[in-house]
Amino acid sequence: MRALPAVTGRDEFDVLVVRTGYHDDQAWQNVTAVLMKPWGGGDRQYDAHVHFIDDLAWAEATVDEALNAVCADENLAVVFLADRTTMQVESHPLLAVNTLTREECVDDEDYEQLTELGREFRTVPAGVHDVHANLSIGNLGFEEYAAWAHDDPEGIYRSC
């Protein structure tokens, strides 16, 4: 496993989006444009706070490599990877990756329950802020979003 550059300068409330797919610059621009739009519903609109990693050193990074690079960030519940699939699929679904480790759980059974549907799922860019915010404050769990993605015909969480 290769070592990736450390993630620095991220505010604890910023969404972390790491570009690992470098095959379509226009698709990346489309993804970043959506991610920078205000988000929320109805009368509640929030400014987008996103920390982007756009560094060729991360090209084709695996989930394990990305997790290893961000593991020192104790305030990070999820990292979003803009990978090859993100760039190729029309809806540009990012890979949401759970940063939870076995060591953070009460026991193996707890870890297995929390990761029953895996440690990753896909979400459309418009769903990134919802996922990040709710996981950060503990309002919803990763497993709930993974279940919603699992129930989607394309395996993608689509925000309301």
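Tabulated data for the structure shown
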read-out: Near pairs, Cβ below 8 angstrom, 6+ apart or cross-chain, from segment 65-89 (under 16 Å from T32 (Cβ atoms)) to any residue that is aromatic (F, W, Y) and not in a loop (DSSP other than H, G, I, E, B); value: A82/W28; M87/W28
read-out: Neighbours by Cβ (under 6 Å, 6+ apart or cross-chain): first from segment 133-152, closer than 15 Å to L94 by Cβ; second part of a loop (DSSP other than H, G, I, E, B) and not acidic (D, E); value: L135/A77; A146/L117; A149/G155
read-out: Residue that is farther than 18 Å from G127 by Cβ and either of a type in the set (D, E) or crowded, with 21+ Cβ neighbours inside 10 Å (or both), where the choices are T20, T62; value: T20
read-out: Subset tally (residues that are at pLDDT 95 or above, of a type in the set (D, E, K, R) and not in a strand (DSSP E or B)) for segment 15-38; value: 2
read-out: Any hit, segment 69-80, residues being modelled with pLDDT of 90 or more, buried (at least 16 other Cβ atoms within 10 Å of the Cβ) and under 20 Å from Q29 (Cβ atoms); value: yes
read-out: Residues being part of a loop (DSSP other than H, G, I, E, B), modelled with pLDDT of 95 or more and over 15 Å from the mean Cα position of the chain (by Cα) - total across segment 39-58; value: 1
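The values are calculated or read from the model by the stated rules, or taken from the named source; none is laboratory data. As the structure is a prediction and not an experimental result, all values here were calculated from the model. Glycine gets a Cβ as well: all are built from the backbone with ideal geometry, and neighbour counts include every protein chain shown.
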